[in-house]
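The block underneath contains the structure these notes are about, expressed in structure tokens.
The values are calculated or read from the model by the stated rules, or taken from the named source; none is laboratory data. What you see is a predicted model; the values in this text were computed from it and never measured. In this analysis, Cβ positions are derived from the backbone assuming ideal geometry, glycine residues included, and neighbour counts consider all displayed protein chains.
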């Protein structure tokens, strides 16, 4: 069985070294290369074609947001499979991490996350799913609930039915389909259909973008 090929991008060599040891301790994971800035990250992605890239947000020369955009655009241009990008951030609520998700990253985790969580996150995004640290989700909504003064909801928000807005709120708080189903007395299949319609109506790619959308548009408390 082919393992998951991981690339490490961070401007702190000591941090990269620690993550490398963690990743390579796993039989199904391997590190194919490292980079210390965004420009080197773009070159690394093209040269090694990793499955997953752990991407620091704040770096010299080119930040993680711009690097993510270039990496994904380059893969599309060349007709090759793009790596899944997992953003690493120091803060629970990092506007740059949210921007990286909008740029195409598959999620973000905190740099001080438990090793087991980071390893699980790598495997999760490799499977095509998204990851966002639970503490970060809570902080996003704490900010929204306090009133962040962000942009008003776009016209697409008004196309959601009251039921879809309820499902939106629960999904944005990080609840799984099963948890939403139990909370709302629905089947998981029905919840999945609702979530798919919500994403389509709002023009969002996945649940991670849904969380960012809620944060950006002050949708933490939904009546």
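Is it the case, given these coordinates, that residue 60 is in a loop (DSSP other than H, G, I, E, B) and under 16 Å from residue 6 (Cα atoms)? Considered against the rule, which asks whether it is in a loop (DSSP other than H, G, I, E, B) and under 16 Å from residue 6 (Cα atoms), residue 60 comes out as no.
Just one of (1) closer than 20 Å to residue 103 by Cα; (2) modelled with pLDDT under 85; (3) under 18 Å from the mean Cα position of the chain (by Cα) fails for residue 150. It is (3). The single condition among (1) within 30 Å of residue 14 (Cα to Cα); (2) at pLDDT 80 or above; (3) in a helix (DSSP H, G or I) that residue 156 does not satisfy is (1). Does residue 43 fit the bill of being modelled with pLDDT of 90 or more, part of a loop (DSSP other than H, G, I, E, B) and farther than 26 Å from residue 210 by Cα? Considered against the rule, which asks whether it is modelled with pLDDT of 90 or more, part of a loop (DSSP other than H, G, I, E, B) and farther than 26 Å from residue 210 by Cα, residue 43 comes out as no. Put simply, of 13, 41, 46 the only residue that is buried (at least 16 other Cβ atoms within 10 Å of the Cβ) and either under 20 Å from the mean Cα position of the chain (by Cα) or touching a residue at least 12 places away in the same chain (Cβ under 8 Å) (or both) is 41. Taking the criterion of being part of a helix (DSSP H, G or I) and either farther than 16 Å from residue 152 by Cβ or at pLDDT below 70 (or both), the residues of region 195-211 that qualify are 195, 196, 197, 198, 199, 200, 201, 207, 208, 209, 210, 211. Taking region 63-81 as the range and being crowded, with 16+ Cβ neighbours inside 10 Å and in a loop (DSSP other than H, G, I, E, B) as the test, only 63 passes. Out of the residues in region 108-135 meeting the condition of being over 19 Å from residue 26 (Cβ atoms) and under 10 Å from the mean Cα position of the chain (by Cα), tell me which one is modelled with the highest pLDDT. Once the filter is applied, the top-ranked residue is 108.
The residue that is nearest to residue 82 (Cα to Cα), among those in region 16-38 that are part of a helix (DSSP H, G or I) and without any contact (Cβ under 8 Å) to a residue 40 or more places away in the chain, is 38. Within region 67-77, the residues that satisfy the criterion of being modelled with pLDDT under 90 and touching a helix residue (DSSP H, G or I) at 6+ places or on another chain (Cβ under 8 Å) are 74, 75. Looking across region 21-38, the residues that are within 16 Å of residue 111 (Cβ to Cβ) and surrounded by 15 or more Cβ atoms within 10 Å (Cβ to Cβ) come down to 22, 23, 34, 36. With respect to the conditions (1) crowded, with 17+ Cβ neighbours inside 10 Å; (2) farther than 15 Å from residue 103 by Cα, residue 55 lacks only one, and its number is (2).
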